1. How much of the DSSP bridge set in the chain is antiparallel, in percent, rounded to the nearest 5?
2. Given contacts defined as C-alpha pairs under 8 Å and at least six residues apart, what's the relative contact order of the chain, whole-number percent?
3. State, as an integer percentage, the relative contact order of segment 87-160 based on alpha-carbon contacts under 8 Å between residues 6 or more apart.
4. For volume of the Cα convex hull per residue in Å³, one of (i) 117; (ii) 180; (iii) 172 was computed from the structure I shared and the rest are decoys. Which label?
5. Using Cβ contacts closer than 10 Å as the measure, can you line up Lys22, Lys36 from fewest to most?
6. Cut-off 12 Å, label point 7 angstrom out along Cα-to-Cβ of Asp132: give me the residues of segment 61-92 whose amide nitrogen falls inside.
7. By how many degrees, 0 to 90 and rounded to 10, does the Cα axis of helix 21-36 deviate from the longest principal axis of the chain?
8. Sorted by packing (mean other beta-carbon atoms within 10 Å per residue), highest first, where do 146-155, 118-127 land?
Amino acid sequence: MGVINYIFQDKQANIANPTKGKYVVVLFRISQLIVKRKITKILFFWYLLFYRVVVEYFMCVELSWHTAIGPNFAIWHGTGLVIHPETTIGSNCNIRQCTTVGVKQIGNGLYGNAPKIGNFVDIGCNTVIIGDLVIGDYVAIGAGSVVVKPIESNAVVAGNPAKFIRLLNH
């Protein structure tokens, strides 16, 4: 995949996105590209600093360039978004504002693993996904949900704690 194609691999998912999230995704992909290549990391450290200041501090989106995210990723609005650097997110996923995807403390000051999110997952606003869990493919998570257990594929879940609502028709 060429540099331009890599940077814009999420373009299709963000065509109808009128929010700043589509710009955050492009800036994220550029930072990922720089970090993957050691020489560019040295030459473009200024960009990584720019990314940290603009995206994390001004736009309030904590999205590390170390996070593994598949193509066609969309962030809707984005403010208050926190995604742990060790999180894995599949392709064709949507995530909305005020969402946290992270680890939980397992005792003695130690933390567990980050969530693994499958393909075609739609995450509503104000959602919390915490802990060493797997979210399957084709999942819709309702706004305001707290996910602390794995979610099977083809499911719609919502609530605190998130509970199965119905199968997803796709």
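1. Bridges in the chain are about 20 percent antiparallel.
2. 13 percent
3. 27 percent
4. (i)
5. Going from least to most buried by this count: Lys36, Lys22.
6. none
7. Helix 21-36 sits at roughly 60 degrees to that axis.
8. Order by mean packing, descending: 118-127, 146-155.
All of the numbers you see were taken from the coordinates with simple rules; none came from a lab. The structure presented is a predicted model; accordingly, all values stated were derived computationally and were not measured. Don't worry about glycine lacking a Cβ; one is built from the backbone with ideal geometry, like all the others, and counts go over all protein chains shown.
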